[in-house]
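J.: The structure is given below, and queries will be raised subsequently.
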Amino acid sequence: MLISLIVPCYNEEGSLPILYEALCDVRKSDTSDRNYEFIFVNDGSRDKTAEIIRDLAANDKGVKYIFFSRNFGKEAAMYAGMEKAKGDYIAIMDADMQDPPSLIPEMIKDLDSGEYDIVAARRVTRKGEPKIRSWFARRFYRLINRMCDVEIADGARDFRLMKREVVDAILSVKERQRFSKGIFAWVGFRTKWVEHENVERVAGETKWSFWKLFRYAIDGIVAFTTAPLRIATYMGFFFAFAGFAYMLYYFIRAIIGRFWTDVNIMGYPSLLCFILFIGGLILMALGLIGEYIGRIYIESKARPIYITSEESKD
Ligand code: UDP
Ligand code: MG
C-alpha cells in the first residue's frame, strides 16, 4: 500500500527542510508495511527551492518531483502532483506547515476504517489573519454557497487525504481554470472533516495578496455558477417594468390634462441620474457576460494546465 503526499512549493526555501523533517517523522512513526512517496511540485520558484528538492531526491528514494517552467499557480501544481501520484491514498498539503503533517496518521486511520473516501481539514479559527481578510472570506463563502449547488465549506483548506477513486474523479474534471475547492466538493464522495486551529506559516510569507484572493473569489463564483447572469436578467426585467410603469403614469397624467404644469421641474438632473444609473448597470451586466465569455475563450484554446521543465525518474 502506497501513500502519496503532494506538496506544491513556490519560493519555500525556508519551510521545505522543516516540512521534510516532519514528513519523515510521519513516515517513521508508521509501523505498518505502508510505503510513502513525497511529491514536491516546484511551481517556478525563484529562490533555492529547486536545489533543495533535488538534494532531497538524491538522498531519499521516496522523494519525487516535478518542476514547472514558470509559475503556474497552486491549482496547476496540485493537478500535476495528482497526475504523478501513484498512491492508493493521496494527500495534498502546503509546504509552510500550515497543514499540520501530524494529522496524517489519524487521517489514514479514518480512510482505513472504510467509512470515508476523503478526510479533509478545516480550520475553525482564523487567528493571525488580517481582520478584513477574514470578514471578506466569510462573506465569500456565504455568497458562493447561496448561489451554487455544491456546498463549499467555510475554512476548508486544500489539505486532504483522498482515496485513489476520488483523485481519478478530480483528474477527470478537465477544465483549465481550476477552482479546486469547488471541484473537491463537486465530485462528491463521503467526506470526514477534521478541525484544527489556524497555524501560522513557519517561514517565508503568504503568496496571496488581498487582490489576488479577491480575483480568486470571483474566479470561484464564475467557475461554479451562472447565477450572476440571472441576476442581470432579473435586473433587466425590473427596470423594464419600472420604465413601463413610469411611462404609463405620465401618459395618464397627460390625458387628465395637467401635463405641462409641474412636470418639467428638475427634468435635467433626474434624467442624468437615470442615464448614469442605467448605463452603469448595463456596463456591469456586459462585464459580467464578458467574464463568462473570457472563460469560454480560454477553455476553447485548450492549453495544457502546466509545462514541465524537469521531472524525477520513477
Ligand atoms: N503555492 C504554489 N504556487 C503559487 C502560490 C502558492 O505552489 O503560485 C503554494 C505555496 O508554496 C504553499 C501553498 O501553495 O505551499 C499555499 O500558499 P500560501 O501559504 O502562500 O497560501 P496561504 O496559506 O497563505 O493561503
Ligand atoms: Mg500558507
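Bear in mind these aren't lab numbers, they're just calculated from the coordinates by the rules spelled out. Bear in mind the structure is a predicted one, so any value in this text is a computation, not a measurement. Neighbour counts run over all protein chains shown; Cβ positions are idealised from the backbone, glycine included.
J.: At a 10 Å Cβ-Cβ cut-off, how would you order CYS273, CYS148, CYS24, fewest neighbours first?
T.: Listed from fewest to most nearby Cβ atoms, that is CYS273, CYS24, CYS148.
J.: Write down the percent of antiparallel bridges among all DSSP beta bridges whose residues are both part of the chain, to the nearest 5.
T.: The answer is about 30 percent antiparallel.
J.: Please report the projected area of the range 161-279's Cα convex hull averaged over all directions, in nm².
T.: About 14.5 nm², averaged over all directions.
J.: Additional query: Output the direction-averaged projected area (hull surface divided by four) of the convex hull of the alpha-carbon atoms of the range 1-123, in nm².
T.: Taking the Cα atoms of the range 1-123, their convex hull projects to 7.4 nm² on average.
J.: Something else now. Ignoring trypsin sites (Lys or Arg not before Pro) that are buried or in helix or strand per DSSP, and keeping those with at most 15 other beta carbon atoms within 10 Å, what is the longest stretch of the chain between them?
T.: The longest uninterrupted stretch comes out as 259-312.
J.: Within 10 Å of each residue's Cβ, count the other Cβ atoms and sort LEU16, LEU272 from fewest upward.
T.: Ranking LEU16, LEU272 by Cβ neighbours within 10 Å, fewest first, gives LEU272, LEU16.
J.: For each of TRP211, TRP135, count neighbouring Cβ atoms within 10 Å of the residue's Cβ, then give the residues from fewest to most.
T.: Ascending Cβ contact count within 10 Å gives the list TRP211, TRP135.
J.: Just add up the charged neighbours of VAL124: K/R +1, D/E -1, any other residue whose Cβ is under 12 Å from the Cβ of VAL124.
T.: Charge balance near VAL124 sits at +2.
J.: Further question on the same structure: Can you quote the Å³ per residue value for the convex hull of the Cα atoms in the chain, rounded to an integer?
T.: So the per-residue Cα hull volume is 167 Å³.
J.: Using 0.36 nm per residue, how much length does the chain from ALA137 to PHE277 gain when fully extended, once their Cα-Cα distance is taken away?
T.: My answer for the length gained is 47.5 nm.
J.: To the nearest 10 degrees, how steep is helix 16-29 against the longest Cα principal axis of the chain, on a 0 to 90 scale?
T.: That helix lies at roughly 60 degrees to the long axis.
J.: When all C-alpha to C-alpha distances in the range 80-191 are sorted into bins of 5 Å, what percent of pairs does each bin hold, rounded to whole numbers?
T.: 2, 10, 20, 22, 21, 14, 9, 2, 0
J.: Which pairs break 28 Å Cα to Cα here: LYS131/LYS301; LYS64/LYS163; LYS109/LYS207; LYS212/LYS313; LYS48/LYS174; LYS74/LYS192?
T.: Violating the 28 Å Cα-Cα cut-off are LYS131/LYS301; LYS109/LYS207; LYS212/LYS313; LYS48/LYS174.
J.: To two decimal places, what compactness ratio does the range 1-59 give when its Cα radius of gyration is scaled by 2.2 N^0.38 Å?
T.: For the range 1-59, the normalised Cα radius of gyration is 1.17.
J.: So what are the three principal axis dimensions of the range 142-186 from its Cα atoms, in whole Å, longest to shortest?
T.: For the range 142-186, the Cα spread along each principal axis is 31, 22, 16 Å.
J.: Kindly state, as a whole number, the per residue volume in cubic angstrom of the convex hull around the alpha carbon atoms of the range 187-252.
T.: Per residue, the Cα convex hull of the range 187-252 comes to 202 Å³.
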